[in-house]
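Working notes, beginning with the structure itself.
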Amino acid sequence: MATCAELFVSFFKIGTFTIGGGYAMIPLMEKELVDRRQWISREEFMDMMALSQAMPGIFAGNMATSLGYKLRGVRGALAAIAGNILVPIGIILLLAIFFRHFQDNRIVEAVFKGIRPAVVALIAAPVFKMAKTAKLSWRNGWIPIAAALLIWLLGISPVWIILAAAAGGFIYGKITERRNAA
């Protein structure tokens, strides 16, 4: 069982060494929480990710709060979220204070442009891992592609896509349940 100090330290590391925000944290979170610490299973991690994405607020904060609460209650949630946001908030404050002095600097601009592909890679890697864990195949892989196209090309709100997916999943589950019962 994790202590509040261990939760703080783990999420402090995650918050410190992740560039790019919430989704870029996924590989580091999975390695620390599932592989190294073994506080939760890979399936629990996937469920917690799905829940954290659905909840309002910052994804990384939701993950930290959820896991901290699961392992140590309110104190664990507070320790995990404090560890997770301490360094990023400090960096944001420093950037806000000094950015106006450097915003037109070509080197700073180049650094930010150089970081973008790394962030994309950090986000793409867990997407493929999540697809494998979620047992995404050619048979059902059309669903996220269709959802992305509906949002991008037709401008359909993601809320409607999520509601349709939930209804479709419920209906599919009921049909599968009836088949298995027969």
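FYI, it's all coordinate maths here, none of it is from the lab. A quick note: this is a predicted structure, and the numbers were derived from the prediction, not measured. Every residue, glycine as well, gets a Cβ built from its backbone with ideal geometry; the counts of neighbours run over all protein chains shown.
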Completion exercise
Subtracting the Cα-Cα distance of PHE170 and TRP142 from 0.36 nm times their residue separation yields 8.3 nm
Completion exercise
Rounded to whole angstrom, the alpha-carbon centroid of segment 1-43 lies from that of segment 105-182 at a distance of 22 Å
Practice task
Kindly express, to the nearest 10 degrees and within the range 0 to 90, the angle between helix 59-102's C-alpha long axis and the longest C-alpha principal axis of the chain.
Solution key: 50 degrees
Practice task
Starting from one equal scatterer on each C-alpha and no solvent at all, send me the Debye-based log10 I(q)/I(0) for segment 91-182 at q = 0.13, 0.14, 0.20 Å⁻¹, two decimals.
Solution key: -0.74, -0.80, -1.07
Practice task
Normalising by the residue count of segment 4-136, find the relative contact order in percent from Cα pairs under 8 Å and 6+ residues apart.
Solution key: 33 percent
Exercise for the section: Report the longest stretch of the chain that contains none of the trypsin sites (Lys or Arg not before Pro) sitting in a DSSP loop with at most 16 other Cβ atoms within 10 Å. Expected result: 38-134
Exercise for the section: Mind telling me which of ALA82, ALA165, ALA50 comes out most flexible in a GNM of the chain, alpha-carbon contacts under 10 Å? Expected result: ALA165
Practice task
Report the full-extension gain for the segment TRP152 to LYS135: residue separation times 0.36 nm, less the Cα-Cα distance, to one decimal in nm.
Solution key: 3.7 nm
Completion exercise
Along segment 26-39, Karplus-curve 3J(HN,Hα) (6.51, -1.76, 1.60; θ = phi - 60°) to the nearest Hz, with x for Gly and Pro, reads 3, x, 5, 4, 4, 4, 6, 7, 9, 6, 6, 7, 6, 7
Handout entry: Cα-based shape type of the chain, given that a ≥ b ≥ c are square roots of the gyration tensor eigenvalues and the cut on a/c is 1.5
Key = oblate
Handout entry: Sparsely packed chymotrypsin sites (Phe, Trp or Tyr not before Pro) within segment 94-178, loop by DSSP, other Cβ within 10 Å at most 16
Key = TRP138
